[in-house]
Amino acid sequence: MLFGFAYTSINSQNDQIVLQLSEESNNVYSLHCPTYISSYICLPSLRDSVSYIKMKMQARIIPAMLILSMLMFTSSAILATVRNSLDNNKKMTLHCRSKDDDLGTREMSPGETYSWSFRPNFWHTTLFYCTVSQGSIQGYTFNAYDHQRDYKRCEDKCFWDIFDDGIYFRFEETGEVDLYYDWLK
């Protein structure tokens with residue numbers, strides 16, 4: 001072993017000493033040292049070359065480890081739900097999306113719910129927004145999950161009710177609803 005690498009071969013060719021090193025990942029590196037240079041100069045050069053190779057390998061490993069740690073320490077999953085609570089058997093159209101995900105458009109019957117789950121991102125900027133259309137209200141958009149606003153109140157569930165006068169947030173612990181988006185104004 002030389003500086004954490006195993007010798008593959010050492011040979012002399014074209015007035016150079018060629019040292020081939022391999023590592024556990026089966027990468028092979030060739031280090032060349034001219035034969036006319038003394039070993040006192042060449043060996044430190046080889047040591048520096050091996051250090052450089054290790055540094056380049058770490059440059060690939062560290063970002064991968066950072067990404068893995070970010071995934072391990074992200075928030076737990078959130079379940080977002082929107083319910084059609086409109087009167088008089090009214091249907092509504094719902095289209096929810098985020099910057100990265102389009103959940104599609106769906107027509108919802110009275111009493112029907114639509115739910116999706118997600119994990120807030122590492123930077124705490126997750127935003128899901130939905131557009132509701134029903135009767136005279138066409139294309140009303142609201143934030144179904146905004147991490148800056150909801151990370152405490154929606155620890156694992158965010159529930160929205162669509163009523164005739166607007167969009168209500170439902171508190172899971174108490175079941176109380178709060179008019180959050182008044183589309184009649």
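Here, each number is a calculation from the coordinates, and none is a lab measurement. This one's a predicted model, so the numbers in the text were calculated from it and none came from an experiment. Positions of Cβ are backbone-derived with ideal geometry, glycine not excepted, and every protein chain shown enters the neighbour counts.
Below, the figures for the structure above:
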{"quantity": "J(HN,Hα) series, region 82-92, from Karplus relation 6.51 cos²θ - 1.76 cosθ + 1.60, nearest Hz, glycine and proline x", "calculated": "10, 10, 7, 10, 5, 7, 6, 6, 7, 8, 9"}
{"quantity": "Length-normalised contact order for region 78-182 - Cα pairs under 8 Å, 6+ apart - percent", "calculated": "29 percent"}
{"quantity": "Environment charge of S117, counting only residues whose C-beta is closer than 10 Å and scoring Lys/Arg +1, Asp/Glu -1", "calculated": "+1"}
{"quantity": "Förster radius 22 Å - calculated FRET efficiency between R106 and A77, Cβ distance, rounded to 0.05", "calculated": "0.55"}
{"quantity": "Per-q log10 I(q)/I(0), region 78-182, q = 0.15, 0.18 Å⁻¹ (Debye; single scatterer per alpha-carbon; no solvent)", "calculated": "-0.58, -0.83"}
